[in-house]
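J.: Below you will find the structure I want to go over with you.
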């Protein structure tokens, strides 16, 4: 895609593609303070679990730089780093990568920045390995179909994950193999990441796609319009339960009823062995106006939960850059060497 980098560390600051401006405007944010970074994360200008992880890593480097400029003591630096880690509660990548890089603060600024750059590089290469493994499995699982019709939700390409992406990376790998028919993209209410971002990325890649209302998705699957559902994840609990963008659970139920694969694509860093089950995953509640504006009467309150939890029993397989776990094997996510 002929666009700026999704995320970069340049001359001591973060540059990030503003995902709230897409697809109508390509705008790059220049982030120089922790306040600016936390705002970019909470407003979803920067979003997607793997991108949040890399952003958090760069955020630690940013905090160290700001602390040097402004003379912060260790307690203030720790508090600012914690603000970054806590900016989005559901996606485990953010907190995990912040923790990994922050552990290097005693070694000095250069060590912190080198570690943050490595987090970013690893996310890119991991997404490509994950994408290939997922596409190969999906072709086997849907062996009767020459050109796969894939249903997906939210945004899981390079904008959210760097490199090829996760679920959208699997789709991209199928396309490169000549094994993709078309993609059905859910609009992904209330912030329309599917409509705004996934459709934009698929258009940039020349991949045929159709946009569907979230409420139509289970019915479309029931009508045989998809051979498989492929989604990403913001956290996978130790028992395999999957937290992902709100609306994912309904797709999993529909896929089970239709007898088609439901594939979750996520890097190892999204697997959280410290969270025993989906019941223990904190679910982010976002502002009412994301749902109520512009249609609802003034004063209407919303139940704006950003994520849902899909039980492991509804997942056909989970693919990461390291492994493919099918449901009949059970699942016990383990910490990676980087953890």
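Values in this text are rule-based calculations from the coordinates and carry no lab data. Everything numeric in this text was worked out from a predicted model, so none of it was measured. Glycine also receives a Cβ, built like all others from the backbone with ideal geometry; neighbour counts cover every protein chain displayed.
J.: Using only Cα atoms, find the angle between the long axis of helix 167-176 and the longest principal axis of the chain, and express it within 0 to 90 degrees, rounded to the nearest 10.
T.: Approximately 60 degrees, to the nearest 10.
J.: Return an integer: the convex hull volume of the alpha-carbon atoms of the stretch 129-329, in Å³ per residue.
T.: In the stretch 129-329, the Cα convex hull volume per residue is 116 Å³.
J.: Here is a follow-up. Gap in Å between the Cα centre of the stretch 167-215 and the Cα centre of the stretch 232-259?
T.: 18 Å
J.: If I model a spin label as a point 7 Å beyond the Cα along the Cα-Cβ vector, how far apart are those points for residue 324 and residue 293 in nm?
T.: So the label points at residue 324 and residue 293 sit 4.5 nm apart.
J.: Here is a further query. Need the C-alpha centroid separation for the stretch 37-68 versus the stretch 71-142, integer Å.
T.: So the separation of the two Cα centres works out to 10 Å.
J.: Give me the number: length gained by fully extending residue 143 to residue 176, i.e. 0.36 nm times residue separation minus the C-alpha to C-alpha distance, one decimal in nm.
T.: Here the answer is 10.1 nm.
J.: Run the simple label-point estimate for residue 256 and residue 72 please: 7 Å along Cα→C-beta, distance reported in nm.
T.: With each label placed 7 Å out from Cα toward Cβ, I get 4.5 nm.
J.: Let me ask something else. So for each of 50-56, 3-9 I average, over its residues, the number of other beta carbons within 10 Å; can you give me the resulting order with the highest mean first?
T.: 50-56, 3-9
J.: Ranked highest first by the average count of other Cβ atoms within 10 Å around their residues, in what order do 258-265, 94-101, 308-315, 294-301 fall?
T.: My ranking of the peptides, most packed first, is 94-101, 258-265, 308-315, 294-301.
J.: Something else now. May I ask you to list the residues of the stretch 67-93 whose amide nitrogen lies under 13 Å from a point 7 Å from Cα along the Cα→beta-carbon direction of residue 32?
T.: Under cut-off, by backbone N: 69-70.
J.: Still on this structure, please answer the following. Please figure out what share of the DSSP beta bridges in the chain is antiparallel and state it in percent, rounded to the nearest 5.
T.: Values: 18 of 37 bridges.
Percent antiparallel among DSSP bridges in the chain is about 50.
J.: Return the calculated 222 nm mean residue ellipticity for the chain, to the nearest 500 deg cm²/dmol, obtained by summing -39500 (n - 2.57) across DSSP H runs with n ≥ 4 and dividing by the residue count.
T.: Result for the chain: -11500 deg cm²/dmol, rounded to the nearest 500.
J.: Identify which of 35, 11, 274 has the largest mean-square fluctuation in a Gaussian network model of the chain, with springs joining Cα atoms closer than 10 Å.
T.: 11
J.: By how many degrees, 0 to 90 and rounded to 10, does the Cα axis of helix 109-141 deviate from the longest principal axis of the chain?
T.: 0 degrees
J.: At a threshold of 8 angstrom on Cα-Cα distance, excluding pairs fewer than six apart, so keeping six or more, what relative contact order does the chain reach in percent?
T.: 16 percent
J.: Moving on to the next point. With everything on Cα atoms, drop me the angle between helix 74-85 and the longest principal axis of the chain, reported from 0 to 90° to the nearest 10.
T.: Taking the Cα atoms of the chain, the angle to 74-85 is about 20 degrees.
J.: If R0 is 30 Å, what FRET efficiency do you get for residue 79 and residue 124 from their C-beta distance, rounded to 0.05?
T.: So the FRET efficiency works out to roughly 0.45.
J.: Oh, and also: What would the Debye formula give as log10 I(q)/I(0) at q = 0.06, 0.11, 0.13 Å⁻¹ for the alpha-carbon point model of the chain, no solvent?
T.: Results for the chain at q = 0.06, 0.11, 0.13 Å⁻¹ read -0.20, -0.67, -0.94.
J.: Would you kindly give the portion of the calculated P(r) for the stretch 7-122 that falls above 17 Å, as a percent of all Cα pairs?
T.: Distances greater than 17 Å cover 48 percent of the Cα pairs.
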